[in-house]
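The values are calculated or read from the model by the stated rules, or taken from the named source; none is laboratory data. Only a predicted model underlies this, so the values are computations on that prediction, with no experimental measurement involved. Cβ placement follows ideal geometry from the backbone for every residue including glycine, while neighbour counts extend to all protein chains displayed. We work out accessible area using only protein heavy atoms, side chains counted, and drop any ligands, DNA or RNA first. Shrake-Rupley method; radii C 1.70, N 1.55, O 1.52, S 1.80 Å.
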Amino acid sequence: MIVVVTEDFALYHAAVAELRERGATFTTREPDADLPERATVVISAPHDGLSVGDEPVEHVTTTADSVREGVEEALGGLRGGDGRTVVGVDPGERPGIAVLSGGTVVAAYHVPLSDAVDTVLAEVDDEPDPLVRVGDGDRLRSARIVNELAEIPVELVDESGTTPTLGRGAGGKGMADVLAAVNIARMEGEPVDTRAVEPTAGEIQRIKNESRDRSAGDLTVGEELAREVARGELTIAEAIAEQRDG
């Protein structure tokens, strides 16, 4: 676990905001307080004069102005243990993505589909033995993600039952997608290199209907353009533009 230990007001708020944005697991302590037993990495300011002594933790010093780099170093230290980095992806229009190291969630995202692969690649960059587990529930979108991760070991996971029921105050669909991604990351799947999925007639019709809705009824993309969207070769916006130009 990452622990923010500082008397620097600006660093405290910047570090907490950055860690929350990344979905990292962390806590805070006063400089004179004992560290929690699960502490793995400590973040403080250089002028805090903090010493972790004989504690088996990594110590990262940073400032509010360079907090992004400091948090990245802390996350790197968290992943530097014995645990393998495993990324779980719950496919959808906005996939949930969870990054685990040795079973601990160190980062989480809820991003547009177009940003999903870049987000995953950034998280596994320089990792010695990463693994990406992708849920199989959304056939076309999961195929697009799998096929764009050709250089990374990927497993396709049966995601049945991975999306939890959220109680009152637990957040919206974004949180459910992220929690599903955590569950997917923890399940063994079938190793795959690519996933070839031919769009069904219903999926193609859904894309046609969406193109008509997005163009306010002005046009409907043709069969082949809809098929290319379904395969992830075009976005719906690109297909609409091609239909207009054609």
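Limited to segment 171-217, what total is found for residues that are modelled with pLDDT of 90 or more, open to solvent by 50 Å² or more (accessible area, probe 1.4 Å) and assigned to a loop (DSSP other than H, G, I, E, B)?
Number satisfying all stated conditions: 3.
Determine which member of the set 86, 16 is within 27 Å of residue 177 (Cβ to Cβ), at pLDDT 90 or above and out of contact with any helix residue (DSSP H, G or I) (no Cβ under 9 Å at 6 or more places or on another chain).
Residue meeting the stated conditions: 16.
If you check residue 152 against the conditions, is it touching a strand residue (DSSP E or B) at 6+ places or on another chain (Cβ under 8 Å), closer than 22 Å to residue 23 by Cα and either among the hydroxyl-bearing types (Ser, Thr, Tyr) or open to solvent by less than 40 Å² (accessible area, probe 1.4 Å) (or both)?
So residue 152 does not fit the description; no.
So, of the residues in segment 218-237 that are outside any loop (DSSP other than H, G, I, E, B) and at pLDDT below 90, which turns out to be farthest from residue 148 (Cα to Cα)?
Among those residues, the one meeting the criterion is 237.
From the list 92, 77, which one is outside any strand (DSSP E or B), under 21 Å from residue 129 (Cβ atoms) and open to solvent by less than 50 Å² (accessible area, probe 1.4 Å)?
Exactly one of 92, 77 is outside any strand (DSSP E or B), under 21 Å from residue 129 (Cβ atoms) and open to solvent by less than 50 Å² (accessible area, probe 1.4 Å), namely 77.
Of a type in the set (Ser, Thr, Tyr), outside any strand (DSSP E or B), open to solvent by less than 10 Å² (accessible area, probe 1.4 Å) and in contact (Cβ under 8 Å) with a residue 40 or more places away in the chain: does that describe residue 114?
It is false that residue 114 is of a type in the set (Ser, Thr, Tyr), outside any strand (DSSP E or B), open to solvent by less than 10 Å² (accessible area, probe 1.4 Å) and in contact (Cβ under 8 Å) with a residue 40 or more places away in the chain.
Quick check: anything in segment 58-71 at pLDDT 90 or above, assigned to a loop (DSSP other than H, G, I, E, B) and not aliphatic (A, V, I, L, M)?
yes
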